[in-house]
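Below: the structure, in C-alpha cells.
The values are calculated or read from the model by the stated rules, or taken from the named source; none is laboratory data. The model shown is predicted, which means the values in this text are computed figures rather than measured ones. Using ideal geometry, Cβ is built from the backbone for each residue, glycine included, and neighbour counts are taken over all protein chains shown. The accessibility values were calculated without ligands, DNA or RNA, using every heavy atom of the protein model including side chains. Shrake-Rupley method; radii C 1.70, N 1.55, O 1.52, S 1.80 Å.
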Amino acid sequence: MSELPAWSRQDGYGVRFDWGLTGARALGPGCAVLVVIDVLSFTTAVSVAAEAGTRVFPYPARDSTAADFAVSRDARLAVGRSAMSAANPWSLSPAALRRALAPERLVLPSPNGSAISAAVEGIPVVAACLRNASAVGRWIMKQGWGTVDRPVG
C-alpha cells in the first residue's frame, strides 16, 4: 500500500493499533492477524453465535445485496431488530441470538464491525469483545503472533 504514509502502517511494532475501516485497511496488509474490537454489538454477537456453533460471515451493509450474499453462502441473514420475526429471529442483538435456534451459517451485516472485518483479506480476522477477550489473547499468543515479524493489528 504505497499510497499510505509509512507511519500509518506502524512498521517495527508487534502490536499495532488503529481505528475504523481506514485503520483496518492500513494495518491489515502488514499484519499476521487483525483483531476487531467493536464496542456496539457486532463482536459480542459473533461471540454468542460462535459459542453456539454458528459460522459467521460479516457483510458491510444491511441492504438488498446482503440477502444475495447470504444465499450465496447458504446462510441465514440477520435482520434489523425491528424486522425480526418467528421465521427470522436473528439480528445483531446478542440477546436475540442467544434466544434463537442457532443456524449453521449466519450473515451478520453491520456498517461498523462487519464492514471492518470484511475489508481485510488474506489474513485471519478475529472478533474480540469483553466476553472472549481472554480467550482471544490466549489464542493469539498460542499462534506466536504479536512480534515485529508476525504483528497483531
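For the reader, a short list of remarks on this structure follows.
- Amide hydrogen proximity for VAL33: with H placed 1.01 Å from N in the peptide plane, the residues at 5 or more positions away or on another chain lying under 5 Å are GLY153.
- Karplus-based coupling profile of the stretch 120-126, in residue order and whole Hz: 9, 10, x, 9, x, 10, 10, with θ = phi - 60° in 6.51 cos²θ - 1.76 cosθ + 1.60 and x standing for Gly or Pro.
- Helical content alone sets the calculated 222 nm signal of the chain at -9500 deg cm²/dmol, taking -39,500 (n - 2.57) per DSSP H segment of four or more residues and averaging over every residue.
- 1.4 Å probe accessible area per residue over the chain, in Å²: 57 Å²
- Residues whose placed amide H lies under 5 Å from that of LEU77, excluding near-sequence neighbours: VAL107
- For VAL46, the shell of other residues with beta-carbons less than 11 Å away shows a net charge of 0, using +1 for Lys and Arg and -1 for Asp and Glu.
- Think of the stretch 6-67 as having a plus end and a minus end, set by charges on the Cβ of Lys, Arg, Asp and Glu; of GLY30, TYR13, GLY53, GLY30 sits farthest toward the positive end of this dipole.
- Relative contact order %, the stretch 15-153, counting alpha carbon pairs below 8 Å whose residues are six or more apart: 42 percent
- The chain - charge dipole about Cα centre, Lys and Arg +1 at Cβ, Asp and Glu -1, debye rounded to 20: 480 debye
- Gained length - MET84 relative to GLU104, 0.36 nm times residue gap less alpha-carbon distance: 5.4 nm
- Helix 42-51 and the longest principal axis of the Cα set of the chain meet at an angle near 70°.
- Amide hydrogen neighbours beyond the local backbone of VAL15, cut-off 5 Å, H modeled: VAL152
- Rounded to the nearest 20 debye, the dipole magnitude of the stretch 100-153 is 200 debye, with +1 charges on Lys and Arg beta carbons, -1 on Asp and Glu beta carbons, and the Cα centre as origin.
- Of the solvent-accessible surface of the chain, computed with a 1.4 Å probe and all protein chains present, 57% belongs to carbon and sulfur.
- Debye-sum result for the stretch 1-149 in log10 I(q)/I(0), which assumes one identical scatterer on each alpha carbon, at q = 0.12, 0.13, 0.20 Å⁻¹: -0.52, -0.60, -1.22
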